[in-house]
Amino acid sequence: MHRRHILGLIAAGTAGLLTGCASVATAGGTADQGPPFRTTSDAAASQLMLMGHDAVAYFTQNDAVPGNPTIQAEHLGVTWRFASEANKATFLREPAKYMPQFGGFCSNGINYAVPWGAGGGPNTWRIYRGKLYVFGGQSSRDHFEMETELNLQRAHQYWTSEIVGSNPLWVRYKRLVLRVPHYQSDAALQADWEARRAAGTLPVMPGGKQVVPAAP
């Protein structure tokens with residue numbers, strides 16, 4: 001099937017979704033942090049950030065700490081959950097310091113202009129140069145961190161030029177058909193990661209300390 005025809009089917013099938021999606025919030029916010037926002041839902045919140053994890057705890061406890069459903073705050077149209085009232089107050093004083101980059105979408109997905117997975121649980125987040133990034137899975141984080149600086153540059157480019165101000169569902173479908181020039185399959189990325197691990201050249205070796213280069 002030709003790509004033009006595929007895109008036509010996608011456009012027709014998603015026309016009713018282009019104004020919003022249950023898992024995407026679009027209230028105004030800081031450019032690199034959203035909107036749009038990648039949210040999940042549960043019994044206590046319909047637009048929940050970070051899969052319910054405490055945004056402040058990543059920085060203060062160096063851990064993915066589940067929030068308490070009774071301790072929540074609304075900010076920029078989405079719900080943030082916290083493990084303590086103290087963390088909630090800290091967040092509300094300076095939310096931009098603790099909000100994830102790329103609206104809480106998987107940073108490796110944004111690297112391919114595919115806004116999709118949510119992250120924030122154990123082994124699916126990283127603080128890099130003082131900013132929080134989340135990933136749709138541990139392998140996504142591993143692959144992203146093979147070339148963190150380059151992948152961040154690409155992710156910021158696609159976030160700014162294709163995702164901000166657009167419907168992320170449409171962008172996702174488009175880029176699953178019209179791949180970015182540097183696209184690699186998961187299998188290829190995993191093979192590269194395994195080779196680098198064997199050679200001991202990964203910037204973040206399993207069980208080792210993250211190597212953060214000097215600011216460019």
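Scanning the stretch 92-106 for residues that are part of a helix (DSSP H, G or I) and under 27 Å from Phe144 (Cα atoms) yields a total of 8.
From the list Gly109, Gly136, Gly120, which residue is of a type in the set (Gly, Ala, Ser), in a loop (DSSP other than H, G, I, E, B), at pLDDT 95 or above and closer than 29 Å to Pro66 by Cα? It would help to see each step written out before you state the result.
Details: Gly109 fails: in a loop (DSSP other than H, G, I, E, B); Gly120 fails: at pLDDT 95 or above.
From the options Gly109, Gly136, Gly120, the qualifying one is Gly136.
Going by what's in this entry, would Arg129 be described as free of Cβ contacts under 8 Å to residues at least 60 places away in the same chain and not β-branched (Val, Ile, Thr)? Before the answer, list the steps.
On the way: free of Cβ contacts under 8 Å to residues at least 60 places away in the same chain: no; not β-branched (Val, Ile, Thr): yes.
Against the criterion (free of Cβ contacts under 8 Å to residues at least 60 places away in the same chain and not β-branched (Val, Ile, Thr)), Arg129 does not qualify.
Considering only the stretch 150-158, I want to know if a residue exists there that is under 25 Å from Thr60 (Cβ atoms) and either among the basic types (Lys, Arg) or loosely packed, with under 12 Cβ neighbours inside 10 Å (or both). Looking for residues that are under 25 Å from Thr60 (Cβ atoms) and either among the basic types (Lys, Arg) or loosely packed, with under 12 Cβ neighbours inside 10 Å (or both), one finds none in the stretch 150-158, hence no. The set of residues in the stretch 81-90 being buried (at least 23 other Cβ atoms within 10 Å of the Cβ) and closer than 15 Å to Thr60 by Cβ consists of Phe82, Asn87.
Can we say Gly104 is surrounded by fewer than 20 Cβ atoms within 10 Å (Cβ to Cβ), among the small types (Gly, Ala, Ser) and under 22 Å from Val164 (Cα atoms)? Against the criterion (surrounded by fewer than 20 Cβ atoms within 10 Å (Cβ to Cβ), among the small types (Gly, Ala, Ser) and under 22 Å from Val164 (Cα atoms)), Gly104 does not qualify. For the stretch 54-69, a residue qualifies if it is crowded, with 16+ Cβ neighbours inside 10 Å and charged (D, E, K, R), and exactly one does: Asp54.
Can you find a residue in the stretch 183-196 that is over 15 Å from the mean Cα position of the chain (by Cα) and within 30 Å of Val56 (Cα to Cα)? Spell out how you get there, then give the answer.
Initial filter on the stretch 183-196 (over 15 Å from the mean Cα position of the chain (by Cα)): 183-196.
Filter once more, so that each one left must be within 30 Å of Val56 (Cα to Cα): none.
No, every residue in the stretch 183-196 fails to be over 15 Å from the mean Cα position of the chain (by Cα) and within 30 Å of Val56 (Cα to Cα).
The values are calculated or read from the model by the stated rules, or taken from the named source; none is laboratory data. The model shown is predicted, which means the values in this text are computed figures rather than measured ones. When we count neighbours, we look across all protein chains shown, and the Cβ atoms used for this are built from the backbone with ideal geometry, even at glycine.
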